[in-house]
Amino acid sequence: MREILKGFTPLEKATDKAGGGKDIAADGGLMPPSAGTVREQSSLTGFTLIELVVGLAIGAVIVLIIGVISSSGIGSYEKSRKEAEAYNDIFYGFSLIQRNVRQALIANADNATDTLTADNFVFKKNGSDFIYTDTATNADILILKMDTSLGETLDFSVSPQSGKLFNVTLSGQKVINLGYRKVTVPFNLTTQAMERN
């Protein structure tokens, strides 16, 4: 029957005379290693399963943090872009009123019907939308489309001040649908104009 010897890993196998100059041929070249033949234990082994799992967990947390940061950045950009579009539409409509009233030879305000006439353009609310009518062609041109099912509101008013001076106010709120939530964009714009007949 063969004698079972305590074995060592191949890296730990000592060579002849390595164990302090002793002849180890009698043991078949296997003996406890000396300090000169074996490196530190940690340099002989790879990663343990626990080290590997901890490393993967740390990597996953870092990837998650990067994903959340980039996602919130994209969401903020999209919200800002859609708010800018909404305000751009609102300011375009209001600047159209101001420009036409300024350049008009005839400008009249009727606060009973909340209409503003500047030459051949009549600015007014049409249901929930804001339009102007070109009386020369009798065409209605949409300035601001409001969706009341989303809670969008629009108020257009013309109110006389002293003498021939009148205020024009465009106010309300637009609602931006971002997919995952809705954002309200309030507005309240006022200008003054002088009636000219």
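Numbers below:
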read-out	value
3 or more residues surrounded by 13 or more Cβ atoms within 10 Å (Cβ to Cβ) and among the aliphatic types (A, V, I, L, M): qualifying strands (runs of 3 or more DSSP E) within the range 142-197	165-177, 182-194
Any hit, the range 126-135, residues being assigned to a strand (DSSP E or B), within 20 Å of Arg102 (Cβ to Cβ) and in contact with a Ser or Thr (Cβ under 7 Å, 6 or more places away or on another chain)	no
Any chance Ser34 is polar (S, T, N, Q), assigned by TED's automatic domain parsing to the domain that holds Tyr132 and either farther than 30 Å from Gly127 by Cβ or at pLDDT 85 or above (or both)	no
Among residues of the range 86-98, those that are without any contact (Cβ under 8 Å) to a residue 24 or more places away in the chain and either outside the structural domain of Val168 (by TED's automatic domain parsing) or in contact with a strand residue (DSSP E or B) (Cβ under 9 Å, 6 or more places away or on another chain) (or both), counted	0
Yes/no for Gly21 being at pLDDT below 85 and either surrounded by 10 or more Cβ atoms within 10 Å (Cβ to Cβ) or not assigned by TED's automatic domain parsing to the domain that holds Asn177 (or both)	yes
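Residues checked against (1) modelled with pLDDT of 90 or more; (2) of a type outside the set (A, V, I, L, M, F, W, C); (3) touching a His at 6+ places or on another chain (Cβ under 6 Å):
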position: Ala86; (1), (2), (3): no, no, no
position: Phe94; (1), (2), (3): no, no, no
position: Arg99; (1), (2), (3): no, yes, no
position: Ile106; (1), (2), (3): no, no, no
position: Asp110; (1), (2), (3): no, yes, no
position: Asp119; (1), (2), (3): no, yes, no
position: Thr137; (1), (2), (3): yes, yes, no
position: Glu152; (1), (2), (3): yes, yes, no
position: Asp155; (1), (2), (3): yes, yes, no
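The values are calculated or read from the model by the stated rules, or taken from the named source; none is laboratory data. Fair warning: this is a prediction, and the values are worked out from it, not measured in the lab. A quick note on method: Cβ atoms are made from the backbone with ideal geometry, for glycine too, and the neighbour counts reach across all protein chains shown.
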